[in-house]
Amino acid sequence: MCLYETHLPVQRTEVSQRFYIDVVSLEFAYRDPARDVVFLWIGSNRRSMLGLWGPSTTRGSDFHKCHFAIALSLPELLASGKRLAASGIACQNFLSEKTTEPSVIGWMPSAQLYFPDPDGHSLEFIALLDDTPDPDFIGSLSAWRKRAEPRARGTTHSCGSFAQTIPPLTP
């Protein structure tokens, strides 16, 4: 089972559409100008979708900041911090510290970077790690890797092939 779609209220659909296509590397699916809504594919094969609802729509009229995460492979996540920074996007770790290095939440375990979209929504790029969970750990990926005893779990965590289907971020 995987989450198929989520929706965000946005203040300017055209600006948000450009951000999600040019910066986040989502693929255009459909725009309904009569309803001021844009739909974008997340990954390949129509695996997941994001809807951007403008302020004149029912879902966009009650603007509130949201959060969602997009699964990436670890190599894609490692490259994303520098690419986002080169686009003028400030990334943060789990503790809200500005950085391009992913943080790790040990109970999952996962590596992630957080960044805002033009409306202030919180986006997260996340890669699930194949290591043994450590519920007491929250820190940088480099600190996670330096732990005294690497404890590989040997299993793969993803939503089908979803983590492998996100296109590389545009430089």
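The values are calculated or read from the model by the stated rules, or taken from the named source; none is laboratory data. Everything numeric in this text was worked out from a predicted model, so none of it was measured. Here Cβ is always computed from backbone atoms with ideal geometry, including for glycine, and neighbour counts include all displayed protein chains. Ligands, DNA and RNA are stripped out before the accessible areas are found, and what is left, the full protein with its side chains, is counted by its heavy atoms. Shrake-Rupley method; radii C 1.70, N 1.55, O 1.52, S 1.80 Å.
So how many residues does the stretch 95-120 have that are open to solvent by 20 Å² or more (accessible area, probe 1.4 Å), in contact with a Phe, Trp or Tyr (Cβ under 7 Å, 6 or more places away or on another chain) and under 16 Å from Ala79 (Cα atoms)?
0
Can you confirm whether the stretch 52-64 contains a residue that is modelled with pLDDT under 90, within 16 Å of Phe125 (Cβ to Cβ) and not in a helix (DSSP H, G or I)?
Checking the stretch 52-64: not a single residue is modelled with pLDDT under 90, within 16 Å of Phe125 (Cβ to Cβ) and not in a helix (DSSP H, G or I).
For the stretch 57-94, give me each residue that is aromatic (Phe, Trp, Tyr) and open to solvent by 30 Å² or more (accessible area, probe 1.4 Å). Write out each step before concluding.
Our first condition is that a residue be aromatic (Phe, Trp, Tyr); within the stretch 57-94, this holds for 63, 68, 94.
Listed by number, the residues that qualify are Phe63, Phe94.
Would you check which residues across the stretch 1-39 are loosely packed, with under 15 Cβ neighbours inside 10 Å and part of a helix (DSSP H, G or I) and list them?
Glu14, Val15, Arg18, Asp22 - these are the residues of the stretch 1-39 that are loosely packed, with under 15 Cβ neighbours inside 10 Å and part of a helix (DSSP H, G or I).
Kindly check whether there is at least one residue in the stretch 124-144 that is within 17 Å of the chain's Cα centre (by Cα), modelled with pLDDT under 95 and either loosely packed, with under 12 Cβ neighbours inside 10 Å or under 30 Å from Leu52 (Cα atoms) (or both).
No - not one qualifying residue is present in the stretch 124-144.
How many residues does the stretch 2-38 contain that are free of Cβ contacts under 8 Å to residues at least 24 places away in the same chain and under 23 Å from Ala71 (Cα atoms)?
Residues in the stretch 2-38 being free of Cβ contacts under 8 Å to residues at least 24 places away in the same chain and under 23 Å from Ala71 (Cα atoms): 5 in total.
Quick check, is Gly88 at positive phi, in contact (Cβ under 8 Å) with a residue 24 or more places away in the chain and assigned to a loop (DSSP other than H, G, I, E, B)?
Working: at positive phi: yes; in contact (Cβ under 8 Å) with a residue 24 or more places away in the chain: no; assigned to a loop (DSSP other than H, G, I, E, B): yes.
Criteria not met by Gly88.
If Gly106 passes every condition in (1) in contact with a strand residue (DSSP E or B) (Cβ under 6 Å, 6 or more places away or on another chain); (2) small (Gly, Ala, Ser); (3) more than 27 Å from Leu52 (Cβ to Cβ) but one, which one does it miss?
Exception for Gly106: condition (1).
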